[in-house]
1. Please compute the per residue accessible area over the stretch 157-221 with all protein chains in place, 1.4 Å probe, rounded to a whole number of Å².
2. How much of the accessible area of the stretch 141-219, in percent, comes from carbon and sulfur atoms when a 1.4 Å probe is used?
3. Once amide H atoms are built 1.01 Å from N in the peptide plane, which residues 5 or more positions from Ile73, or in another chain, come under 5 Å H to H?
4. Please work out how much length the chain gains when fully extended from Glu344 to Ala148, using 0.36 nm per residue of separation minus the C-alpha to C-alpha distance, in nm with one decimal.
5. Through the Karplus equation 6.51 cos²θ - 1.76 cosθ + 1.60, θ set to phi - 60°, convert the phi angles of the stretch 93-102 into ³J(HN,Hα) values in whole Hz; use x for Gly and Pro.
6. Along Cα→Cβ, 7 Å out, is where each label goes; now give me the distance between the ones at Thr297 and Ser191 in nm to one decimal.
7. Tell me, what HN-Hα J-couplings in whole Hz come from the Karplus equation 6.51 cos²θ - 1.76 cosθ + 1.60 at θ = phi - 60° for each residue of the stretch 317-324, using x for Gly and Pro?
8. With the other protein chains left in place, how much accessible area per residue, in square angstrom, belongs to the stretch 59-110 at a 1.4 angstrom probe?
Amino acid sequence: MTTISTARRAGACGPVSVDGTGVFRPVLRRDLMAAVRRTRRHYGLNTGDVLVLDVLLSFLPCRDRTSGQDRPITAETMPVIYAANATICGRANDMDPRVLRRHIARLVSAGFLVRRDSATGKRFALRAGGQVRGAYGLDVSPLLSRHAEISETAARLDEEAEEMRSLRAEALTLRGTLLDRAGALTAEALSFVETAKTVLRRTSLAVRDALAIRDRMRRLLGACEAPCPAPENAPTPDDQDTTATARETDEMTAGNGESVRQVESPKIDTKSVGPIRPETIFTTWDVCSALHDLRPTPPKTVREFQEFIYDLGPYLGVAHRTLADAILAIGWTEMLRALNVMVERAATISNPNGYLVSLTRDWLARSGRNRVDCSRATA
């Protein structure tokens, strides 16, 4: 191990030897800087800090004059940079001296640099026998002593980044599957699934948070795929004749002659609502972009549109009676627009019934039509 010189004890620094107890392994400058770049966020460094550190290391005498190739930095390398700020700024793309001082201060705070100041505050070399034996200036030996730690951190971060890529890919695949089955999700679950893509794209997302998102999506998908239990009051074979008659009375005729079955007992007078023009409702679907995430494939018939609306209402937390009153008031096409608005704002709507009543009344006021009785809805 190289003996620390008298000049170094006085504050200047000569060759260093540091391992876990004082000696570091020889390292190429490019390998050291590659590890620093991969870990800069971990150590709280910005790109300017890394640039200045790279420039400082370029002053170390570790280039072979014959081949021009970099030689490893060893314990015999004098680790103090005594170049003036103006010289350092020139190598750092003509950096402003004030900016340079800020970066140096950050590197000192991060424990990568130590200032070796002379009595006058100047930087200069200490020579003996025509050779530099020590210097006052910026000492990079703390960085060299932490090379093993930085390399291990870089390897760990690389593993985490690989794990994060896998988690993101799996979570986004689950998200697409859940959106295809949006009708089986609650409003809160759908809001989580829709916003998950934005959260997964955050660079600051931790692995544990990505795992939590992935695991929750797995549970939601498992719940969607689980068989639905038979209701306690399911009709027995003896009751089939009665329930068949009830189902027949729950059907209504659409404007194009198709039969559409109501989900619950509330019924709509389709003559009061008016006939549905397929070209109008299909055109409306094209501009309701929020609904496309819930159902990427558009309904193909008027009946499918009606079934979609009746499924979506309860999914958003709207009672069937409120939905029926609103359809009676504004019609199927405007109801599609209203539900599109509610899907877009689902995360901020605390009272879906009251919100739909408000949308209905606003539409009626704008259109000048008579208002219907929406008093049964919970405002």
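1. Averaged over the residues of the stretch 157-221, the accessible area is 57 Å².
2. That fraction is 51 percent.
3. Val27, Leu28, Arg29
4. 65.5 nm is the gain from fully extending Glu344 to Ala148.
5. So the J values, rounded to whole Hz, are 6, 6, 5, 5, x, 5, 5, 4, 5, 5.
6. According to this spin-label approximation, the distance is 3.0 nm.
7. x, 9, 5, 4, 5, 5, 5, 5
8. On a per-residue basis, the stretch 59-110 sits at 59 Å².
The values are calculated or read from the model by the stated rules, or taken from the named source; none is laboratory data. Treat the numbers as computed from the prediction; the structure is a model and nothing was measured. Cβ sites come from the backbone with ideal geometry, for glycine too, and all protein chains shown count toward neighbours. We work out accessible area using only protein heavy atoms, side chains counted, and drop any ligands, DNA or RNA first. Shrake-Rupley method; radii C 1.70, N 1.55, O 1.52, S 1.80 Å.
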